[in-house]
Structures are given as structure tokens and as C-alpha cells.
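So the structure is just underneath, and the comments pick up after that.
The values are calculated or read from the model by the stated rules, or taken from the named source; none is laboratory data. Only a predicted model underlies this, so the values are computations on that prediction, with no experimental measurement involved. Every residue, glycine among them, receives a Cβ derived from its backbone with ideal geometry; neighbour counts consider all protein chains shown.
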Amino acid sequence: MQPFYFHALLTLSLLATLSLGQSTGATTPPSGNSMTANTTTITTSSSSSLFSKLPTQDQIVTNTATTPLETGMAFFYNIARGFINAIHTQELPYGVLRELIKARTTSQLQAVWDLNYEKIIHYELVFAILGGIGIVAAFTFVIVGITFCTLRCCGMCGSEMMQARGKNFRCKGICYGIFLVIFSLLAIGGAITCFLSSAQLAETVQKVDVTLRNGLVDVTNYQTVTSNQFTILLDNDFNITMSRVRRYISDSGIETTVGIPLKGMIQNRTDPVVQILTQLSSDNIAANMTLQKINSQLSQLEANMTELNITINAIKANLTRLETACSCSSSVQFNISSLFVIFDASKMPSLQPVSDVIKNVSDRQPLKISGEINNRTAKIPKQVVNETKSARQKISTQLTSLDTIRRSALSYISFIRNFNITSYVNPAINALQKEKKEYDVYVVAGYMVYSGILMLFPGLIILGLFFGILGRKADAAPTERGLMSNAGGIFLMASVGLMFIFAFFYLFINASFFMIGGNMQRAACHPIKNGSIYRQVIDNETVWGGYPIAGFLLQNDTIPLTATRILNECQKDNSLYSTFLLAYRFNITKELDIQRLLPNITAEVDKIVIPTPNITLLSSQNNRTLQESLNNNATKINTTEIDAILSIRTTSINLVDYANRLEADTNSTSVANDVRQVAQELRILNSGKVAAINQLKTSLQTNINKLETEIMALRSDIRVLLDRAKVADNYIKASFHTDAKNLVKTIATQIGNEAKEYANYVKNKISNDVGKCFVLRNVYDNAVNVVCDFLQDAINGVWCAVGICAICFIPNIIFGVKLAKYYRRMEKEHPYDKNAMDAYYDTGYMHAEKPKMV
């Protein structure tokens, strides 16, 4: 079974991959290909998410065959295996095997035998000796059984139905019974184990049939999946690549590849201009609002100062009248001359130059300019699309040549689908099905009857012990034993007789099973499992004059393709390309040479010309006006002078202090009441108008400082605007054409990258993913498992179990014969004095005198 699977599976693997190329390969990996004779190093950095997901064989119906662990027999089978490994440690004589394979004629075979027969005999000597011992034991049982029966027929060997009850009579009977129970239980265990092993052996044909069918399903699915993987790579993924390539030269593609990047390059220069224009407009509006607030406050301040002057003058006139009317002493002084307004709002410097700057900026309309720049920049991608339409159409026509190569590659993989693996496997399945029907006929006879008879021996012993113990009476004379006790003895003698009768049959079959199982384990399964049969024989090129598997699969026996490599690589779930060294037959690098596959599109790309966009950042008039505003030093606010003016006191003296002093000096005069009223007016004037003027001066000073900051920001914005506009203008006029040409050239680069990415992806997938062959290894392992675990363990289990039973035959015969006389009814009693005998048993063996014979 294993050679068949090995042949069938590797055939499928080859046919599924060699369909990629038909030419005879060299004996060394093709130059330029990164695949070596032993490893695959092709990798790709491309993202596989760009392509279709390759199908995988997720469901594998071939499961590992039932192991001893699953049947609960692992310990027992390990004992059998360990015994064989302990007695036979030699390796298969591979040298002799290699010489036999090299022999081509009968005379050569005879010569190899004459030279090496001693090695073969030495290899088989252990099995031959132990098998011979088993056969000798079988004949010995026959001879002993015939002799025993003959002697008993002649009245010897305890055939006389009389029992002497001597010293330790009861103790001996108990010991016989205990030993008989122990060995009977061992025999029962061996019989049960034999039954289970035989049952497993009976399932082998069914197991082989299932293994073949499941393997066929897995291999067929593997064939389908591998074919689909190639179809996806060479059809679906090719179409994906072509669609991506055509997308680059489509309207949306050229817009994305060239138009939008060009727009971005210009925006990188114009966006700062637009940004500063927006900032300039914002700062100008803020400065204008502050200037308007200052002008409003100046007007209000002048009005308040006028009102204050009028009020102060009226108070002074009133005080002058009171001073004249007062008949005051010389110590009372009104000091009217010290009361006057000091602050003069008309002395504030003019802010007209600042106002002119703000007006000039407003007249330039910064937001309108920024909007025009954005609108013209946004039109660049569409302009690029319109300017390149003719050249792109020619490139698209040239790309159609790639489809011819793709159709040629697809024609190769059609052979994978047409390969019919069932034509190889179905004959074996049909033949096995026929054998299975015939095999089922004697399944019952093969292990039910065989194991049932083996169970009969200890069963009769247990039954005899059961009847004997239940029916035996301690005080009953041997001639007076009951029916049940007598039946127990008969059952024991029946088991002894059956063991003599069937011992030859079981021992002979057991020796045969031992020699078959031992050779199967050591000569077949052990070399297969450790791989030595492959390394020493199948993969040995000196034996075959080359590599036979490579010769069969690749039609070139110089390629170092070995069974060991295939099994190891498939165990790692590697691809068919790397596993089967298809680099010797199929040059991926050559087949996917981008320079050969891609048309020459450089010339067409060079014909694409993109004109410079018509974008005006600042007109010459705007540039000149802003430059003049920047150079006009009159726009600078003299905050030092303004602060000095605003810091002047509003009145010459403190009105409250003056009112308090005046009121105190005239308190005892005739005009005291009138003066007190004037003083009150001064206090009201100080807390009202004067306080309002002072507050307005403070606010005005704050706003002027704010305006100075905003005018400085405005001047900075103008300076930055002029610099950025100059940079952007220089780029558009000097560098735009070069960048546009470079971007256009990236179309060819991107098409090449897409094709290269696809080629690398295909290389990577074929080298690493397509046709991952773990499923083949799984089928192979399952086939080996059925033979070298399931079948081998069943055979070993049979001989080991029967061997246990055979070992128990001897003590069971001896103790069965001896114990039978304790249960059977004797024909006559041994001539002892009955009274003395009773006293002997009643008083005990050690305290009574042994009875005398009559």
C-alpha cells in the first residue's frame, strides 16, 4: 500500500507543477533564478492584499488511523514492540539490498546471494530461533499430552480414582487453588487481549479501503485547489494587475498620479500665500476696528474736555463772586487761579498714515485674491487629464500585448485539470473491495472462534473452581463427594485436556505471527519510519545510476530530488516548486522577466507635455502698493509721545482736596453755605466728568498700544506675503515644468512597479504557497500508520497475547490435574483407619499421631 501511495501522490504533484513548462531542464538551477537546489529564497515585499486570496485545502478527510492509545491497548502494544526491539537490534542489511537491486540477471542475483546469505541469515537468526522454540514447544505439548494420556490410560500418573489425605492436605489444596486462579486470570487477560487485537486485525482491510478512498479524495481536492491557485495567479491576479496598470493611464489615474501631485506641489507654494492673505485680511480687519474705536474715543474725549472746561470756568466765576462778597480775614484764601484744566486732547498726534495703510490693504481685497488662487489651482488636475489624453491612448494600445502571454500561460495549467488520478487508484480500490467481501466471510472464524476457544481454557478452570468450592464439604470422604464438587473436578480435567489438544494449534500459529510481526516491525516499518530505507536505498544514486524519483517525475535522473527531501519538505508544508526542485525545469525569473513582458512606453511618456498653469499670485500694482506701505515709516505709531500726552493730569489740582480745603477755610464766614455748595459741585465733578475722562484716557492708551501691535502684525503679514508670493512665482515659472515631467515619467515607473510587483508576487506564491504539499505527507503518513501501527500492533498483539496464554498452559495443567482430585468423587478410599483419620483431622496435624494404614 505504501509504495502505491508514494507513486500516486508524487505523480500527481509532478503533473500539477510541470504543466508550467515543457522544456527539458538543466542539471543545475537556471542562472538568475534565486531558487537553489535545496532551498527557496524568493521573497517579495508587495502586499498580497492587492491580489485575490488563493484557495486553500482547509478540509482534509484523511485522518490519522486509530492508534493504540485510542483503543486502550497502548501499554500492551508497547510491551510487544519493546520486546522485539530488545531482542533484535540490528539494522536492515542495506548493503545486501543495494546489491540485489543492482543485479539485473538471475546469475547476478545468485552471486549476490552466495556472497551475502550469511548476513541475511544472521539478520533473521533471532526471529528464526524464537519461532523455532515456539514450534518445538508446540510439538512438545503434543508429545507430553499423548504421553500423559497414555500413562493415565495405563493406570499411571494419578489415573487411579483414589486420594490419599496426608499431611498438609488442606493447605496444598488451597495453594493449588490460589495458583490456579492467578494463572487462569492471566490467561483470561491474554485471551481478552487476543480478542481485541484480533478484532483490530479484522478491521485492517476496511481501514485500508477507507485510507485509499480518503486519500483519493484529498489528492483530488489537492489537484483541484492547486489548479485553481494557478488559475487565480495567472488569470484573476493578472487581470487585477492589468486593471491597476490601465488605471494609471486612465483619466482618473493620470489625475491621481500626475494632476493631483502637481496640484499639491503648487499648493505647497500657494497655500502659504493663501494662508498669509487670509491672515492679512483678518489682521487688517482687527486693526481697522481698533482704529475706529480709537477715533471714537478721541472724539468723545474732546467733547468731555470741552464740557469740563465750561464747568470749571463756571465754578471759578462763582467762586470769584463769593470771594468778593465775603468779609473774610486775610487768612482765608480761595486760590481760584490754581483751578484750571491741564490736559489738551487736540495735542494727540494724527493716526492718518495708519489709516491709509489699513485702507490700502482693504483695497487689495486679500480674500478675493486667495479665492482666485485656490480656484485656478483646483483646475490643474483636469488640465493635466486633457493635455495627456492622446499619448495615454497609445500606451493603452501597447499594453494589450501582455494578454497574449497570459493566455499562453493559462494553456499550460489546463493539463492539471485534465489529469485523472482516479484511473490510478480506482483499480486498487475495486480489487480491495473484492478482497474485503471475501475477508468478511471468515472474520468471525478468524478472531471470534479463535479468541473464544482461547477463553474457554481458563473459563473451564474458573467454572471448575466455582463448582468445586461450592460443592466441597470438608468432612466428606473422597468417595462421598457431592455432584457439584465432582463437576468442578471434571471441568478442571476438561480444561487440561483441551489445553493439550489445542496447544499445538495455538503455539504454531503464535510462532508464525511472531515471525511475521517481528520482521514487519524491524525490516519494514522501522526503516520506513526513521527514513533509513530512503537514505540508504531509494535515494542512493549509486544504486540506480542517478536519482530514480527525479527520473520518474522530472524525466531527468541527474536532478537531486529524493524521497527524503519530498517527505521532509511536505512535512513543513512547503510548495511544490521548492519541494520538487522545479527550478531545474521551470525558470520563474525568465518566464516573468518584466523587461521582456512590458512594452516600451518610455517614448510615449516623453511625448506628454503639461503647460505651466496660469496662476497670478499678486499683480504688479498690488505688489507695488503693498511694498510702498511697508516702506512708509509714517505708519509707525509714536506710542512714547502718545503715552506722555495721555499721562498729563486732567486738572491742575485735585478737585476733592481743593473743595475740602476751601470748605474748611470758609466754615465760619458769611458765605460758608454758598462755598459749601460749590465744594459739593467740585466733588461731583471729580467723581463724574473727571473720572470719566481719566477712564477714557486709560482705555485710549490701551487701544493705541493694541493698534500698534496690530499694525506691526499687519506690516509683518505684508512682508511675509511679498516673500511667499515671490517664492511661489519663481517655482511656477522655473521648476513647475521639471516637476511635471518627472511626475509624468512616474507613470512608466508605476506600470513597471505594478508588473514587477505582480511578477514577484507570482514568484513568491509559486515558490512558497502554491500547492503546499502537507496534504500529500498526511496521506502518506496515514498509509504508513495503517500498516506500521494499526496492522503491525494487531499482529504483535495477537502473538503476545497468545504467548501469555501459552505460558499459563503449563501451570494450569499441573495445578488443574492436582486440584481435580480434591473435587472429584473417588471410586475408593485410601486404606487409612477411619477413627484415627477423624482424630487426626479433628485435633490437628501437629498434635495427633499420624494414622496407620490398615
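When Thr220 is tested against (1) in contact (Cβ under 8 Å) with a residue 12 or more places away in the chain; (2) in contact with a Gly (Cβ under 9 Å, 6 or more places away or on another chain), only condition (2) is not met.
Can you tell me which residue among Ile310, Ile276 is out of contact with any helix residue (DSSP H, G or I) (no Cβ under 8 Å at 6 or more places or on another chain) and aliphatic (A, V, I, L, M)? Talk me through it step by step, then tell me what you get.
Numbers: Ile276 fails: out of contact with any helix residue (DSSP H, G or I) (no Cβ under 8 Å at 6 or more places or on another chain).
Answer to the selection: Ile310.
How many of the residues in the stretch 43-78 are more than 29 Å from Glu203 (Cβ to Cβ), modelled with pLDDT of 70 or more and not β-branched (Val, Ile, Thr)? Write out each step before concluding.
First pass over the stretch 43-78, keeping only residues more than 29 Å from Glu203 (Cβ to Cβ): 43-56.
If we keep only those that are modelled with pLDDT of 70 or more too, we end up with 50-56.
If we keep only those that are not β-branched (Val, Ile, Thr) as well, we get 50-55.
Qualifying residue count, the stretch 43-78: 6.
Within the stretch 756-767, can one find any residue that is surrounded by fewer than 21 Cβ atoms within 10 Å (Cβ to Cβ), without any contact (Cβ under 8 Å) to a residue 60 or more places away in the chain and in a helix (DSSP H, G or I)? For the stretch 756-767, residues surrounded by fewer than 21 Cβ atoms within 10 Å (Cβ to Cβ), without any contact (Cβ under 8 Å) to a residue 60 or more places away in the chain and in a helix (DSSP H, G or I): absent.
One residue alone among Leu776, Leu721 is within 30 Å of Val219 (Cβ to Cβ) and surrounded by 23 or more Cβ atoms within 10 Å (Cβ to Cβ), and that residue is Leu776. If you check Thr204 against the conditions, is it out of contact with any strand residue (DSSP E or B) (no Cβ under 7 Å at 6 or more places or on another chain), surrounded by 15 or more Cβ atoms within 10 Å (Cβ to Cβ), β-branched (Val, Ile, Thr) and modelled with pLDDT of 85 or more? No, not satisfied. Scanning the stretch 777-822 for residues that are small (Gly, Ala, Ser) and either modelled with pLDDT of 85 or more or in contact with a Cys (Cβ under 8 Å, 6 or more places away or on another chain) (or both) turns up Ala783, Ala794, Gly797, Ala801, Gly803, Ala806, Gly816. Residues in the stretch 665-676: is at least one over 25 Å from Lys706 (Cβ atoms), out of contact with any strand residue (DSSP E or B) (no Cβ under 6 Å at 6 or more places or on another chain), touching a residue at least 12 places away in the same chain (Cβ under 8 Å) and of a type in the set (A, V, I, L, M, F, W, C)? Looking through the stretch 665-676, at least one residue is over 25 Å from Lys706 (Cβ atoms), out of contact with any strand residue (DSSP E or B) (no Cβ under 6 Å at 6 or more places or on another chain), touching a residue at least 12 places away in the same chain (Cβ under 8 Å) and of a type in the set (A, V, I, L, M, F, W, C).
Contact annotation: no residue pair with Cβ atoms under 6 Å, 6 or more positions apart or on different chains, pairs a residue in the stretch 728-745 that is without any contact (Cβ under 8 Å) to a residue 40 or more places away in the chain and assigned to a helix (DSSP H, G or I) with a partner that is loosely packed, with under 14 Cβ neighbours inside 10 Å and not aliphatic (A, V, I, L, M).
Phe790 - would you say it is of a type in the set (Phe, Trp, Tyr), crowded, with 20+ Cβ neighbours inside 10 Å and more than 37 Å from the chain's Cα centre (by Cα)? Against the criterion (of a type in the set (Phe, Trp, Tyr), crowded, with 20+ Cβ neighbours inside 10 Å and more than 37 Å from the chain's Cα centre (by Cα)), Phe790 does not qualify.
Determine the pairs where a residue that is touching a residue at least 24 places away in the same chain (Cβ under 8 Å), located within the stretch 503-521, has a partner that is surrounded by fewer than 24 Cβ atoms within 10 Å (Cβ to Cβ) and among the basic types (Lys, Arg) with Cβ atoms under 7 Å apart, the partner being 6 or more residues away or on another chain. Taking only residues 6 or more apart or on different chains, the pairs are Gln521/Arg81. Residues that are closer than 19 Å to Arg98 by Cα and surrounded by fewer than 19 Cβ atoms within 10 Å (Cβ to Cβ) within the stretch 511-522 comprise just one, Asn519.
Within the stretch 658-687, being β-branched (Val, Ile, Thr) and not in a helix (DSSP H, G or I) holds for Thr666, Thr669, Val671. Ile336 meets the conditions (1) closer than 30 Å to Ala317 by Cβ; (2) buried (at least 18 other Cβ atoms within 10 Å of the Cβ) in every case but one. The failed one is (2). Among the residues of the stretch 473-496, those that are assigned to a helix (DSSP H, G or I), out of contact with any helix residue (DSSP H, G or I) (no Cβ under 6 Å at 6 or more places or on another chain) and either of a type in the set (Ser, Thr, Tyr) or without any contact (Cβ under 8 Å) to a residue 60 or more places away in the chain (or both) comprise Thr479, Leu483.
Here are Ala748, Ala836: which of them is part of a helix (DSSP H, G or I), over 30 Å from Phe75 (Cβ atoms), at pLDDT below 85 and in contact with a Ser or Thr (Cβ under 7 Å, 6 or more places away or on another chain)?
Details: Ala836 fails: in contact with a Ser or Thr (Cβ under 7 Å, 6 or more places away or on another chain).
When all the criteria are applied, what remains is Ala748.
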